[in-house]
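Undergrad: Pasting in a structure now, in structure tokens, and then I'll have a few things to ask.
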Amino acid sequence: MTSGPVEVQMCQSILPCHANHQGELGAGQLLKWMDTTACLAGEHAGMACVTASMDDIQFEETVRVGQVINIKARVNRAFNTSMEVGIYVTVQEVLSGVTKRVCVAFSTFVAKPTGTHKVSLKPLDVQGSVEEMLEYSLASERRRLRLYNEEAFKNLMKDYYNLQNKGYRKPVVPVVSTELMRVESIELGLPPHANHHGNTFGGQIMACMENVATVAASLLCGYYPSLEAVDMFRFRGPSSVGDRLVFKAMVNNTFQTSVEVGVWVEAYNCEEWNEGTPRHINSASMIYYIPGRDGEKQMFPDVTYTTLDGERRLIGAIVRKRILKVKTLSLDPSLRNIPNFSSQKTHSRAEFSCVLQVGVYVHEEADMLCLKVEMKIKTTAFHAFLLLADLRLRPQWDRNYLISAFSANFHFWVNYSFNVNLKLYLYHHRDPYIVALRSVTMATVPPDENSIRSEVKCAGFLVHEIGYSACKVSHYNQVTSGVLPYVEGNLAGWSKSMEEKAMSCISFLEQDLLTRQFWYAHIRTILGQLFKK
Ligand SMILES: CCCC(=O)SCCNC(=O)CCNC(=O)[C@H](O)C(C)(C)COP(=O)(O)OP(=O)(O)OC[C@H]1O[C@@H](n2cnc3c(N)ncnc32)[C@H](O)[C@@H]1OP(=O)(O)O
């Protein structure tokens, strides 16, 4: 496989045979073209590959008959046996020449030469544009999120059921039962449905999935819904010509102006069909909306469930919505120019969480990870700096820390989670105020078998004054990849531990705010009276 990325481009004029009854390009047809273009980009050096997954896609524009669609695909990064292919779709209005973005998607292809052996791919040699470098970096972040998606989902579902057991059951207003919107369709895998390797073409499977999902959504709304987004197609196993493919779709949940439909695909060969033992080869969920005449999206009725499976799917839709939100924030390319702690040249970073006063960012380079937690504090920068630089106070807001030794010159403590000994390295008494810490080895605190040592390379706080009595505190941690398991929950969206720690730090720094505000007001009054005199 050659090492540089090659862009592959497909251009299609939209004809009535590609469109639905409303003259709009069917999403299924678009998915087929996208899969083909991406596969050609992945196979550009002659190595056969199969689609393993296609990440979440948001459709931004409706494409109509007479318009021209342009699909560009390029390998962003090769991992071991798999690679990520980026797909960029635009639509052009022929008469005006106006071009709009339809969607951006990321597919994972796995190299599959003939035979059963696996092939390791050569690393991609990206020396091109800044954009290529950035995509190369973001590809590993996306891979982490995509491979964690299933686990994140399971954990959030568990959290939900735990809450329920503690009596937090959310009341459901029963209106329409999801069981009524169940659609099933069978297809026979014929040669025209196969790809160039003789397996059922991935694009064809996605198109059939979209077809049954659209029928289920239209049963609910009694109208023609439009596809807004897809939550990841995962090709769990192959199917081939002669297989019977059963597509099952069911409404999972509604959210005011959208509905989520889940689709499940099973494949059977003749024997499996007779024995009733299907292979689960794909599943995905799709979000639809009803376009109104005035451009406003129309409302969907509330739905409820009558079976345990119905309940699981209803909750699953809420959980997926939450994960999608975190992922979108994580990988938003508009959030780019965050200064980095190491001041080295870096390629990627992403904000993956944001509550009112807290922003959490991750930035990856080689085997190092830089975590930044940004907090807006209602206190002066100097006051925040004094409190943060006094490491004896740290356990008041960070329960992972324990002071094990303290002296006038050095402040040592042990981080419980990683058993790291940190040394206060630098105080800086001016805006921006800096508290810098570095990992050191301490003979008095030897490593033990239950903890990993020296995962935090350096850490610290940067405190910037922002106006009168307010500041921005950035807490940095540069860590090795061994810390990943501790922050993955935050990345994947099921844990809020970093935000919780930040909120605890904020309340620690702001705790005597009222007292100080009283004194500031008091001093201002006295000064005002003095000047009057
Ligand atoms: C013309 C368009 C092309 C087509 O039509 S292809 C037809 C549609 N696709 C298929 O039929 C593929 C069906 N699935 C399969 O055959 C297998 O599940 C597949 C994808 C080959 C993986 O199987 P294995 O190799 O046994 O799995 P593995 O656990 O060893 O992983 C190998 C590499 O694949 C990656 N992978 C597996 N499932 C994934 C997923 N859902 N999303 C993203 N990446 C995934 C996995 O991370 C691993 O990557 P790496 O080797 O670490 O780089």
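Values in this text are rule-based calculations from the coordinates and carry no lab data. Quantities reported herein were computed from a predicted structural model and do not represent experimental measurements. Note that we place each Cβ from the backbone using ideal geometry, even for glycine, and neighbour counts take in every protein chain shown.
Undergrad: Counting only the backbone N, which residues of the range 22-63 are under 17 Å from the spot 7 Å out from the Cα of GLU93 toward its beta-carbon?
TA: Those under the cut-off are 24-25, 60-63.
Undergrad: Let me ask you something else. Under 17 Å from a point placed 7 Å out from the Cα of HIS196 along the Cα-to-Cβ direction: which residues of the range 38-56 have their backbone N that close?
TA: 38-52
Undergrad: Semi-axes of the range 170-335's equivalent ellipsoid from the Cα gyration tensor, sqrt of 5 times each eigenvalue, largest first, rounded to whole Å?
TA: 29, 19, 16
Undergrad: I've got another one for you. What does the charge add up to near ILE290, with Lys and Arg as +1, Asp and Glu as -1, over the other residues with Cβ less than 11 Å from its Cβ?
TA: 0
Undergrad: Also, quick follow-up: TYR224 to TRP273: FRET efficiency via 1/(1 + (r/R0)^6), r the Cβ-Cβ distance, R0 35 Å, to the nearest 0.05?
TA: Working: r = 34 Å, r/R0 = 0.96.
After rounding to 0.05, the efficiency reads 0.55.
Undergrad: Could you give the nm distance between label points at LYS378 and GLU60, where each point is 7 Å from its Cα heading toward the beta carbon?
TA: My value for the distance between the label points is 3.8 nm.
Undergrad: Let me ask another. Would any residue of the range 24-63 have its amide N under 11 Å from a label point 7 Å out along Cα→Cβ of LYS100? List them or say none.
TA: 60-63
Undergrad: Going down the table (LYS457/LYS496; LYS112/LYS154; LYS372/LYS496; LYS158/LYS321; LYS248/LYS297), which pairs top 21 Å between alpha carbons?
TA: Details: LYS457/LYS496 23 Å; LYS112/LYS154 30 Å; LYS372/LYS496 14 Å; LYS158/LYS321 16 Å; LYS248/LYS297 26 Å.
The answer is LYS457/LYS496; LYS112/LYS154; LYS248/LYS297.
Undergrad: R0 = 22 Å: FRET efficiency of SER120 with VAL6, Cβ-based, nearest 0.05? All intermediate terms of the calculation are to be shown ahead of the outcome.
TA: Working: r = 20 Å, r/R0 = 0.89.
Computed FRET efficiency for SER120 and VAL6 comes out at 0.65.
Undergrad: Please sort 293-299, 15-21 by packing, taking for each peptide the average over its residues of neighbouring beta carbons within 10 angstrom, highest first. Working shown, then result.
TA: Details: 293-299: 10.0, 15-21: 12.0.
Going by the mean number of other Cβ atoms within 10 Å, highest first, we get 15-21, 293-299.
Undergrad: Applying 1/(1 + (r/R0)^6) with R0 = 22 Å to the Cβ-Cβ distance of ASP309 and LYS496, what FRET efficiency is obtained, to the nearest 0.05?
TA: 0.15
Undergrad: Could you tally the net charge around ILE186, taking each other residue with its Cβ under 12 Å from the Cβ of ILE186, Lys/Arg +1 and Asp/Glu -1?
TA: -2
Undergrad: Separate question: Taking K and R as +1 and D and E as -1, what net charge do the other residues with C-beta under 10 Å from the C-beta of GLY202 add up to?
TA: Values: positive: LYS32; negative: ASP35.
Spelling it out: positives minus negatives among the neighbours equals 0.
Undergrad: Next question, about the same structure. May I have the pair-distance distribution P(r) for the range 1-146, computed from all Cα-Cα distances with 5 Å bins from 0 and rounded to whole percent?
TA: Answer for the range 1-146: a P(r) of 2, 10, 19, 20, 18, 13, 10, 6, 2, 0, 0 percent.
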